[in-house]
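First the structure, in the form of structure tokens, and then the observations on it.
The values are calculated or read from the model by the stated rules, or taken from the named source; none is laboratory data. Since this is a predicted model, take the numbers as computed values, not measurements. Virtual Cβ from ideal backbone geometry, glycine too; neighbours counted across all protein chains shown.
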Amino acid sequence: MSKPTALFIGRFQPFHNGHLLVLGGMVKVSGKVIIAIGSSSESGTDLNPYTAQERKEMMQRALQAKDLIPMYDINFVEVPDQEDDAKWVEHVLQIAGPVDILWTGNEHTKQCFEGKVEIQNIKEVPGISGTKIRELIKAGGDWQEKVPAEVFSFIKEKERQW
């Protein structure tokens, strides 16, 4: 029996250690992993500070450092927001291609995809959330340990360019 194709949807604002932990587990049980970068057309705001391309680069750097790329079949797709949940799900599945299982910890995403694909529930890593990390970055707090080293370096490089 072949391994399933797995879908991981997130905004990854920024990509953090919780995301990396999930992807480490996904590649072990999946034949192919598709990472869907949500809210891909949103950037430059408090909620979505990084562009889809920046988020992809953060992930690629972190995954390469852990030898997850190119060792495993990992692909990226960009998913813009839609006005309607059903249209959004349809769009995600269209651009992701055939998927067997969705990995998510987001209750709304679970509800949207219920009955469409199998769902693997992800538990939140205590103390790690994109919202909290963004708040710490903005306030000059200590967030370095919450993201992979490659992501920390990437964000610091971007800050110098701004």
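Condition first: out of contact with any Pro (no Cβ under 8 Å at 6 or more places or on another chain), surrounded by 18 or more Cβ atoms within 10 Å (Cβ to Cβ) and of a type in the set (S, T, N, Q). Now tell me which residues in the range 31-54 satisfy that.
48
Of the residues 21, 47, 63, which single one is of a type in the set (A, V, I, L, M), out of contact with any Phe, Trp or Tyr (no Cβ under 8 Å at 6 or more places or on another chain), assigned to a loop (DSSP other than H, G, I, E, B) and in contact (Cβ under 8 Å) with a residue 12 or more places away in the chain?
Values: 21 fails: assigned to a loop (DSSP other than H, G, I, E, B); 63 fails: assigned to a loop (DSSP other than H, G, I, E, B).
So the residue among 21, 47, 63 that is of a type in the set (A, V, I, L, M), out of contact with any Phe, Trp or Tyr (no Cβ under 8 Å at 6 or more places or on another chain), assigned to a loop (DSSP other than H, G, I, E, B) and in contact (Cβ under 8 Å) with a residue 12 or more places away in the chain is 47.
Say we look at the range 133-144 and pick out the residues that are free of Cβ contacts under 8 Å to residues at least 12 places away in the same chain and within 22 Å of residue 64 (Cβ to Cβ); which of these is surrounded by the fewest Cβ atoms within 10 Å (Cβ to Cβ)?
As a first pass, look at the range 133-144 and keep what is free of Cβ contacts under 8 Å to residues at least 12 places away in the same chain: 135-136, 139-144.
From what is left, the residues that are within 22 Å of residue 64 (Cβ to Cβ) are 143-144.
Numbers: 143: 20, 144: 14.
Out of the qualifying residues, it is 144.
Only residues that are surrounded by 23 or more Cβ atoms within 10 Å (Cβ to Cβ) and more than 12 Å from the chain's Cα centre (by Cα): list them for the range 1-25, please.
Listed by number, the list holds a single entry, 6.
For the subset of the range 66-94 comprising residues that are in contact (Cβ under 8 Å) with a residue 40 or more places away in the chain and of a type in the set (Val, Ile, Thr), which member is surrounded by the fewest Cβ atoms within 10 Å (Cβ to Cβ)?
Only one residue fits best here, namely 77.
Scan 78, 114, 118 and give me the residue that is under 17 Å from the mean Cα position of the chain (by Cα) and at pLDDT 95 or above.
Testing whether each residue is under 17 Å from the mean Cα position of the chain (by Cα) and at pLDDT 95 or above leaves just 78.
Only one of these conditions is not met by residue 103: (1) outside any helix (DSSP H, G or I); (2) in contact (Cβ under 8 Å) with a residue 24 or more places away in the chain; (3) within 17 Å of the chain's Cα centre (by Cα); (4) more than 16 Å from residue 12 (Cα to Cα). Which number is it?
(4)
Could you look through the range 73-85, keep only residues that are in contact with a helix residue (DSSP H, G or I) (Cβ under 8 Å, 6 or more places away or on another chain) and not in a loop (DSSP other than H, G, I, E, B), and pick out the one that is farthest from residue 29 (Cα to Cα)?
My answer is 85.
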